[in-house]
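Read-outs throughout are calculated quantities, based only on the coordinates presented, and are distinct from any laboratory measurement. Just so we're clear, the structure is a prediction, and the values are computed from it rather than from any experiment. Note that we place each Cβ from the backbone using ideal geometry, even for glycine, and neighbour counts take in every protein chain shown.
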Amino acid sequence: MSGGGNLANVHACGLAETVLFLLAILFGTGCSICSKTMMGLHGTNGTVDKHGEPVIEDFTKPLFQTFGMFVGMLFGLVMHWMVLAFHIPFPGYDHDEGKEEGAATKGGGGDVEIPTEQTSLVATGRGNQSNNEGEAVTEHSEATGEIPMWMYFFLAIPAIFDLAATALCMMGLQYLDVSIYQMLRGSGIIFVALMKQHVLKEHLHKFHWLGVFWNVVSVVVVGATALLASRGERDGGNGNVTAEQTFAGVCLMMMGAFVQAVQFVFEEHVMKMDVPAPPLLLIGMEGFWGTVLGILVMYPIGYYLPGDDHGSYEDPFNTWAMLMNSRNIQVAFVIYFFTIFFYNLFAVLVTFMLSSVWHAILDNFRPITVWTVDLLIFYYINPFFGEAWTPYSYLQIAGMAILLYGTAIYNAPNDGSLLLRGQWWALGFNFSDEYAAIQREQEEAEIDAKWEAKRLDFKSGRTYSSFIESPKISIHTQSLRGIGAQHN
């Protein structure tokens, strides 16, 4: 088992990470509420009946919502270019590194380069190579935005994963109840954890796996609650589905959960490889390629598949007509556009600053937070869009408690986590040895970081002496200039 040390998958969930996680939950909940609300809206496509009255239709357009998600993510490209143009501080961007490395590589080809804190005698780091003249060549620089051309095409892969996962889940949903859909989709955290361990080769500790287990339990409890609450309320629908169709639906949902897990792990990898993709570029290009695939692949298939939308599974022309002629749909889409963008933004930042497993945990929070907001909407705003309290709602509270319990276990040994040392609430588990090993490596890493900082300070002081005017001027030239300055 490839470990990479005890610190390989221990991420400090500090204030910044916590705020990002909470913002992702906030906008993810808002996105789900907007999506559910749009499914229940009615509007007109501009046509009238024989009495001259506008024809009112349901705006049940799942493909449009998927397409709208990708269009919303396109705004990431705008933010990416703004961050680069105005040197705005943002996670994944280092605006100073490119300038300092560029200054260090200027000068004559025959001069000796004096190492600074940005250069070294041995070329290291992302994409550093040497040309025939011995000068350092930087293939990629996050600061200057010099993204290689292949990266823009490479980022089509997560868009394909996203579109495939959505299609598989939608096909499975027609044979399953929504509660089963939520349970099976929440199981994706297992696939993410397995790929983190065996594909990215990042060691997960035993307490990590226990946290993943409790996350899955919470999803099962929440799904079972919805299943019990809906029993007796269905008259047909999925109750008429055969066993073979149900099995096919489960298989499609599990495949969708697996593909989405691959997407999460791929996004983490592409932001941390030798030539990394900045988070905003990842979001924007995923939106770009998703939009292209939506126009060229998704909508043509949806249009020619038979269905209830004017003979199609989903008629894009009718969708556009309803959007242009219905004010309520326009307002709902604008809100959906911004919530889906900011959810994807903060979710990718959670992956970047923590890990893909945390992204999966984030998705497992959404059914519970959506249910909580639905309760508030039902009792205080509009019962048509909300959800009433049922005798089984206590189970959802239990599911929320289990989810928080599992997340706190996974977050160990950071502040705010639960350290299982054999207490009654540890349920017989004791991971003291793992916590101690992690603490020792953290202390050693802190000592190494302090020594490295001192070494760089010393090197910087040696570099900028009175005889040095440029980090790339020959030694003899610098000495002559120093002697001449003394005579003057």
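Summing charges over all other residues whose Cβ lies under 15 Å from the Cβ of Pro306, with Lys and Arg as +1 and Asp and Glu as -1, gives -4.
Can you order the peptides 367-375, 380-388, 442-450 by their average number of other Cβ atoms within 10 Å per residue, highest first?
In decreasing order of mean packing, 367-375, 380-388, 442-450 become 367-375, 380-388, 442-450.
With +1 on each Lys and Arg Cβ and -1 on each Asp and Glu Cβ, how big is the dipole of the stretch 359-469 about its Cα centre, in debye rounded to the nearest 20? For the stretch 359-469, the charge dipole is close to 100 debye. The gain in end-to-end length when the Asp433 to Lys50 segment is fully stretched comes to 130.1 nm, 0.36 nm per residue minus the alpha carbon separation.
With R₀ fixed at 35 Å, the C-beta to C-beta distance from Lys459 to Ala16 puts the FRET efficiency at about 0.75.
The stretch 296-339 and the stretch 401-461 have Cα centres separated by 49 Å. Given R₀ = 35 Å, what would the calculated FRET efficiency be for His198 paired with Ala401, taking r from the Cβ atoms and rounding to 0.05? The computed FRET efficiency comes out at 0.65. Computed 3J(HN,Hα) for the stretch 76-90, one whole-Hz value per residue from the Karplus formula 6.51 cos²θ - 1.76 cosθ + 1.60 where θ = phi - 60°, is x, 5, 4, 5, 4, 5, 5, 4, 6, 5, 9, 6, 7, x, 7, glycine and proline marked x.
Across the stretch 326-351, the residues whose backbone nitrogen lies under 19 Å from the label position 7 Å along the beta-carbon direction of Asn382 are 326-340.
Once the Cα-Cα distance is subtracted from the 0.36 nm per residue extended length, the Glu443 to Ile160 segment shows a gain of 97.7 nm. Protection proxy ranking for 350-361, 65-76, 292-303, using the average of other Cβ atoms within 10 Å per residue and placing the highest first: 350-361, 65-76, 292-303.
Net charge near Phe385, counting Lys/Arg +1 and Asp/Glu -1 over other residues with Cβ under 15 Å of its Cβ? Overall, the nearby charge balance is -2. Applying the Karplus relation 6.51 cos²θ - 1.76 cosθ + 1.60 with θ = phi - 60° to the stretch 325-342 yields 3J(HN,Hα) values of 10, 10, 5, 5, 5, 4, 4, 4, 5, 4, 5, 4, 4, 6, 5, 5, 5, 5 Hz, where x marks Gly and Pro. Running Debye on the stretch 12-59 with equal point scatterers at the Cα sites and no solvent, what base-10 log of I(q)/I(0) appears at q = 0.17 Å⁻¹? With one equal scatterer per Cα and no solvent, log10 I(q)/I(0) is -0.64. Remark: for residue pairs Lys201/Lys450; Lys272/Lys450; Lys272/Lys459; Lys36/Lys206, the C-alpha separation exceeds 31 Å in Lys36/Lys206. What does the charge count around Phe352 come to, taking other residues whose C-beta lies under 11 Å from its C-beta (Lys +1, Arg +1, Asp -1, Glu -1)? Taking every Cβ under 11 Å from that of Phe352, the sum is -2.
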